[in-house]
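The values are calculated or read from the model by the stated rules, or taken from the named source; none is laboratory data. As the structure is a computational prediction, the values presented were derived from the model and not from experiment. Here Cβ is always computed from backbone atoms with ideal geometry, including for glycine, and neighbour counts include all displayed protein chains.
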Amino acid sequence: MRIGILSDTHDNLGMVDTAVRQLNRERVDLVLHAGDYVSPFVIPRLANLHSPMIGVVGNNDGDHQLLAARFAEHEGLSLRGGFATVTAGGMCIGLLHGDDRELLQGLIGRKAFDVVVHGHTHKAEVREFGATLVVNPGEACGYLTGKPTIAVIDTSNRDVELLSL
């Protein structure tokens, strides 16, 4: 199974469209979004994905109720709140934004997940802590680094590819 991962889209509609096109070209089976959509008008753009998407909220997502309402308007999109446990491709994945550093470190340290996905730092990074793979896809918006990125993980071999947009 191939899982697309993105985070920190921050209202950059052009980059959201680019990320969606890239994830569709990659033929991912599922997309995980680690938060910071910022405004609900981003959600209809994400609905153009050819695969289902599970998302969590980030620290810059203001109106969580309106965001959830926009998600609910689109089949295949699911907003889970501040944290989600996702089982896909034989892996147990913890999904969060990552702005609560103690929570992030606790999830990684407890070794309860095969993969922990987070965003928030805007820095693309793939690390291993024992048997736990930690993936930050970086920022899809490109605002802070000037280098918009997403990630794709292949669950059959735990291979993670960071893709520049």
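Tabulated values for the structure
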| item | result |
| --- | --- |
| Options 56, 38: the member that is under 17 Å from residue 115 (Cα atoms) and surrounded by 17 or more Cβ atoms within 10 Å (Cβ to Cβ) | 56 |
| Conditions (1) within 22 Å of residue 152 (Cβ to Cβ); (2) in contact with a strand residue (DSSP E or B) (Cβ under 6 Å, 6 or more places away or on another chain): number failed by residue 68 | (1) |
| When residues of the range 59-98 are limited to those that are under 20 Å from residue 47 (Cα atoms) and of a type in the set (S, T, N, Q), the one modelled with the lowest pLDDT | 65 |
| Count of the range 146-164 residues which are buried (at least 18 other Cβ atoms within 10 Å of the Cβ), within 16 Å of residue 8 (Cβ to Cβ) and either within 13 Å of the chain's Cα centre (by Cα) or free of Cβ contacts under 8 Å to residues at least 24 places away in the same chain (or both) | 3 |
| Criterion (under 14 Å from the mean Cα position of the chain (by Cα), more than 18 Å from residue 139 (Cα to Cα) and modelled with pLDDT of 95 or more) met by exactly one of 117, 16, 28 | 28 |
| Condition met for residue 2 (basic (Lys, Arg), farther than 14 Å from residue 80 by Cβ and either touching a Cys at 6+ places or on another chain (Cβ under 6 Å) or touching a residue at least 40 places away in the same chain (Cβ under 8 Å) (or both)) | yes |
| Enumerated strands (runs of 3 or more DSSP E) restricted to the range 80-145, each holding at least 2 residues that are buried (at least 18 other Cβ atoms within 10 Å of the Cβ) | 83-88, 91-96, 115-117, 132-137 |
| Cβ pairs under 6 Å, 6+ apart, first in the range 59-73 and touching a residue at least 40 places away in the same chain (Cβ under 8 Å) and in a loop (DSSP other than H, G, I, E, B), second among the β-branched types (Val, Ile, Thr) and surrounded by 17 or more Cβ atoms within 10 Å (Cβ to Cβ) | 60/38 |
| Filter result for residue 106 (within 23 Å of residue 40 (Cα to Cα) and of a type in the set (Gly, Ala, Ser)) | no |
| Odd one out for residue 73 among (1) buried (at least 17 other Cβ atoms within 10 Å of the Cβ); (2) out of contact with any strand residue (DSSP E or B) (no Cβ under 9 Å at 6 or more places or on another chain) | (1) |
| Only one of 78, 7, 51 that is within 30 Å of residue 112 (Cα to Cα), free of Cβ contacts under 8 Å to residues at least 40 places away in the same chain and in contact with a strand residue (DSSP E or B) (Cβ under 7 Å, 6 or more places away or on another chain) | 78 |
